[in-house]
Amino acid sequence: MTDKTHLDEEALAELQDVMEDEFDVLIQTYLADSRTRLDSLRQTLEAADADAFAKSAHSFKGSCVNIGAPYLGVLCMEAEQLGKAGNLAAAPAIVDAIESEFAEVSARLAVFGGAS
Amino acid sequence: MKVLIAEDSDSDRLILSAFVRKLGHEVFEASDGIEAVALFADVQPDIVLLDALMPRMDGMEAARQIKALAGEQLVPLIFLSSLSDASELARCLEAGGDDFLVKPYNRVILEAKINAFNRMRTMHRVLSAQRDQIRRQNETMVEEQKVARRVFDNVAHTGCLNADNIRHHASPLSVFNGDVLFAADRPGGGTLIFLGDFTGHGLPAAIGAMPVAEIFYGMAFKGFSAADILREINRKLRIILPPGMFCCGAMLDADFKLGQLRTWNGGLPDGWLVRADGERTVIASKHLPLGVHPPEQFSASMTVLPVVPGDQVIVMTDGFPESSNEQGQQFGEAGVRQVLDQLQPGETPFHALMAHIRQFTGKPEAADDLTLCALEIIHQEQYQAQNDRPPESALFGPVDWHCVYEVRERTLADFNPLPLLLHICMEVPGLRRKSGEVYTLLSELYNNALEHGVLELPSEWKASPDGFGHYYQERKRRLTETGGHYIRFSLSHQPTATGGQLQVVCEDSGKGFDFARYFEKVSEMQLPSGPRYAGRGLEMLKRMARQLRVHGRGNHVELVYDWETTETNDGVEPGHNETLRIADD
C-alpha cells in the first residue's frame with residue numbers, strides 16, 4: 001500500500017466480514033456522507049470559512065480512513081491542514097483533487113461491492 | 001456490557017457499532033453530544049466511546065457532563081479520533097477521557113481496550129462496594145455505641161453525680177475507654193462513690209462495666225456496706241472477665257453524720273484527702289484490682305479516716321498522671337502532688353488539677369481517657385437539704401405484717417442483716433421514700449445492739465482520734481468471740497389513715513447498759529467543734545420515732561415510727577400544696 005492507494009481491499013474485506021448483510025448499507029452510507037462533506041467543503045471554501053473548512057475536512061478524513069480509502073484520507077488531511085493554517089489559497093486545487101479521488105473511490109467501491 | 005457510541009459520522013458509527021456488537025456487547029448509538037448525554041442518563045452504559053468532534057455539543061463537553069452524571073461510578077470513556085496532534089489528544093484526556101482510539105479502527109486494539117477497561121471497572125466496583133460496606137459498618141458501629149451508651153446510662157444512670165458536693169470530669173464515651181464513675185446516696189445518709197478503670201477498651205470494657213453498675217446501684221440502694229459491694233463486684237468480675245482483664249478501682253464511702261470516710265483503692269493512682277488547711281492524706285492502692293483474686297482471697301478491708309465539712313477527696317484513673325505534653329513527657333503522680341502542694345486558698349483541688357492538666361497537655365478539652373472525681377465533705381443538714389426524694393405513686397403491696405429475724409453466733413460477725421430488713425420494710429408501698437429514716441432507725445438499733453450490747457464497746461472511745469482507731473481494732477477482735485450471742489429484730493407494720501406505723505423491737509443477748517445514763521452522757525457531750533463520733537444516733541432516734549422505750553437492762557429497745565404518705569414540709573398543709581398546683585395550672 002502506497003500513499004496513492006485508492007482502496008485498501010484488505011480493510012474492506014475485513015469490514016465485509018464483520019458487517020455481513022450491512023456491508024452494502026455501509027458503502028451507501030459512506031458515499032452519501034461523503035457527498036455531503038464534499039458539498040460542505042465547497043460551501044465553506046466559497047464562504048472563506050477556514051475553520052469550518054478544516055472541520056469538514058477532518059470528519060471526511062476520519063470516515064475515509066475507516067472505510068479503507070487511504071489516499072482520499074491523505075488529501076482530506078492536507079485540506080484540513082490548510083484550513084487550520086487559515087490559508088485557503090491552495091484549497092481549491094485540493095478540493096478538486098478530493099473530488100476526482102472520490103469519483104475514483106466511488107467507482108472502485110461499486111466494483112468491489114459488485115464483486116462481493 | 002452496555003456500550004454507548006457517540007459519533008456523528010454515519011459510516012464510522014456503523015463500523016464501530018458492528019465491531020462492538022461482534023464482541024458480544026449491547027450497543028446504544030448517539031450522533032452528537034447532546035444525544036449522547038441524554039442517552040447516557042437513560043441507559044446507564046458501562047462504557048462510552050465518544051467522538052471528539054461532533055456538532056451541537058462536542059465530545060469534550062459531553063465527556064464532562066457524562067462524568068458528572070456518573071458520579072462515584074467509574075464509567076470508562078474512550079475518545080474516538082482521527083486527531084493526530086498530540087496536544088489535542090491530551091486535551092481529550094484532560095476533559096475526563098480515560099483513553100483514545102485512533103481511526104482507522106482496529107478490531108484487535110478495540111477489543112483489548114474494552115477488556116482492559118472492563119477489568120478496571122469491575123475492580124472499581126468491588127472496591128467501591130467494600131468501601132461502602134466499611135462505611136456502613138462504621139456508621140452502624142458508631143450508632144450502636146450511641147445506643148449502647150444510652151442503655152448503659154439507663155443501667156448506670158448518673159446516680160447522685162450531679163450533687164453540688166461532687167465534681168467530676170469524664171469523657172462522654174468514657175465507658176468505651178474502660179472508665180466508669182458511679183455515685184449513690186446511702187439509704188442512711190452519706191455518699192458512696194466508685195471509680196473504675198477496666199483494662200482494655202471498647203466493647204469488652206463496656207460489657208464488663210454493666211454488671212458493676214448494676215451491683216453498685218442495686219446494693220447501695222439496699223443499704224449494703226461498701227465492703228460488701230466491693231466483694232460482690234470482685235466476685236462477679238472474676239467470673240465474667242477473661243484472664244488478663246480486670247478493673248482497677250477505688251471506693252469512697254462518706255458518712256457525713258458520723259464525719260467518717262472509708263476508702264478502698266485497688267490499682268488506681270494515689271487518691272487524696274485534702275483538708276481545708278491544705279494538709280493531706282494519701283489514699284494509696286493497697287489491694288489488687290477487682291476481678292483478680294478469687295472471693296476467698298479478696299480483701300475488702302477499708303481504711304477509715306475522720307473527716308470534717310470542707311474536706312475534699314480526690315480520686316482519678318491512670319489517664320490523669322499518664323497524660324503527656326507535646327514533648328511526650330507524662331504529667332505523673334509527682335505532678336499531681338505538686339499541684340496539691342501549691343493549692344491557693346479558696347481553690348479546690350479539682351479545679352486546680354483540671355486547670356493544670358489542660359495547660360500541661362495544651363488541650364483545652366483535656367484528654368478523652370482520663371476521669372477525675374472530687375467529693376466535698378459537707379454538713380449532714382446540707383446533705384439532707386439537697387437530697388429531697390420525690391414522692392412515689394401509691395402502689396399495692398404488703399401493709400399489715402409482722403416478722404421476727406434473729407441473727408446468732410458467728411453470723412453476727414459475718415453478716416449484715418440491715419439490707420434484708422430494709423428490703424422487707426421497703427416492700428410497704430410509699431415507705432420507700434422514707435428509706436433514709438427507716439435505714440437510720442434500723443442501723444442505729446442494730447449498731448447499738450451489736451457494738452454496745454453484744455460487743456460491750458464503750459462509745460466514749462470514739463470521741464478522740466486515738467480512741468477512734470482503738471475502738472475499731474477492738475471491735476474487730478471482739479467480733480471473733482460472738483459465741484452464744486444473738487440480736488433479734490421484731491418488725492410490725494400497720495396501715496394508718498394517712499400512712500403507716502412501723503414498730504421495731506430490738507433485743508440482744510448482751511449484759512446491757514444503763515441506757516438512761518448513757519443518754520444523759522451523750523447529751524452532755526456537746527463538743528463545740530470537730531467531728532462527733534457517737535451519740536448523735538440515739539438523739540436522732542428519739543427525734544424520729546414517736547415512741548422510744550428501753551426495757552430491762554438496756555438490751556431490749558422498742559420504738560414506734562409513724563409515717564405519712566403526703567409530705568408536710570415546714571408547716572405547709574398537704575391540701576395547700578394541692579391548691580397551689582391547681583392554681584398554677
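The values are calculated or read from the model by the stated rules, or taken from the named source; none is laboratory data. Just so you know, these numbers come straight off a predicted model, no measurement behind them. Please note: Cβ atoms are built from the backbone with ideal geometry, for glycine as well, and neighbour counts cover all protein chains shown.
Couple of notes before you dig in:
- Taken together, the residues in the range B:42-77 that are touching a residue at least 40 places away in the same chain (Cβ under 8 Å) and of a type in the set (Asp, Glu) amount to 3.
- Filter result (in contact (Cβ under 8 Å) with a residue 24 or more places away in the chain and either touching a helix residue (DSSP H, G or I) at 6+ places or on another chain (Cβ under 6 Å) or in a loop (DSSP other than H, G, I, E, B) (or both)) within the range B:243-261: B:Gly244, B:Met245, B:Phe246, B:Cys247, B:Met251, B:Asp253, B:Phe256, B:Lys257, B:Leu258, B:Gly259
- Taking (1) modelled with pLDDT under 90; (2) crowded, with 18+ Cβ neighbours inside 10 Å; (3) more than 9 Å from chain B (Cβ to nearest Cβ) in turn, A:Ser59 satisfies each apart from (3).
- Qualifying positions in the range B:282-319 - charged (D, E, K, R) and in contact (Cβ under 8 Å) with a residue 12 or more places away in the chain: B:Lys286, B:Asp311, B:Asp318
- For the range B:551-571, the set of residues classified as modelled with pLDDT under 80 and either in a loop (DSSP other than H, G, I, E, B) or not charged (D, E, K, R) (or both) consists of B:His551, B:Gly552, B:Arg553, B:Gly554, B:Thr565, B:Thr566, B:Glu567, B:Thr568, B:Asn569, B:Gly571, listed by residue number.
- Annotation note: Cβ proximity below 7 Å between a residue of the range B:3-19 that is more than 8 Å from chain A (Cβ to nearest Cβ) and buried (at least 24 other Cβ atoms within 10 Å of the Cβ) and a residue that is in a helix (DSSP H, G or I) and among the basic types (Lys, Arg) (sequence gap 6+ or interchain) occurs for B:Ile5/B:Arg13; B:Glu7/B:Arg13.
- Some residue of the range B:108-119 being assigned by TED's automatic domain parsing to the domain that holds B:Glu72, of a type in the set (Gly, Ala, Ser) and farther than 22 Å from B:Ser9 by Cα: yes
Residue-wise test of (1) more than 11 Å from chain B (Cβ to nearest Cβ); (2) out of contact with any Gly (no Cβ under 8 Å at 6 or more places or on another chain); (3) touching a residue at least 40 places away in the same chain (Cβ under 8 Å); (4) of a type outside the set (Lys, Arg).
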position	(1), (2), (3), (4)
A:Leu15	no, no, yes, yes
A:Met19	no, yes, no, yes
A:Ile27	no, no, yes, yes
A:Leu38	yes, yes, yes, yes
A:Arg42	yes, yes, yes, no
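- Just one residue in the set B:Leu83, B:Leu49, B:Leu39 is assigned by TED's automatic domain parsing to the domain that holds B:Leu14 and modelled with pLDDT under 85; that residue is B:Leu83.
- Among the residues examined, B:Gly24 qualifies as over 23 Å from A:Ser63 (Cβ atoms) and within 14 Å of another protein chain (Cβ to nearest Cβ).
- Failed condition for B:Asp132, given (1) assigned by TED's automatic domain parsing to the domain that holds B:Ala30; (2) over 27 Å from A:Lys61 (Cβ atoms): (1)
- Of the residues B:Ala95, B:Ala70, the single one that is within 60 Å of the chain's Cα centre (by Cα) and modelled with pLDDT under 85 is B:Ala95.
- On inspection, B:Glu451 passes the criterion of being under 22 Å from B:Arg543 (Cα atoms) and of a type in the set (Asp, Glu).
- Flag if B:Ser17 is of a type in the set (Ser, Thr, Tyr) and within 23 Å of B:Ile109 (Cβ to Cβ): yes
- Here A:Gly68 meets each of (1) on the phi > 0 side of the Ramachandran plot; (2) away from every other protein chain (no Cβ under 14 Å); (3) modelled with pLDDT of 90 or more with one exception, condition (2).
- Residues (surrounded by 13 or more Cβ atoms within 10 Å (Cβ to Cβ), without any contact (Cβ under 8 Å) to a residue 60 or more places away in the chain and part of a helix (DSSP H, G or I)) located in the range B:91-112: B:Arg91, B:Cys92, B:Leu93
- Filter pass, B:Leu50 being within 25 Å of B:Ser87 (Cβ to Cβ) and either within 13 Å of chain A (Cβ to nearest Cβ) or more than 60 Å from the chain's Cα centre (by Cα) (or both): yes
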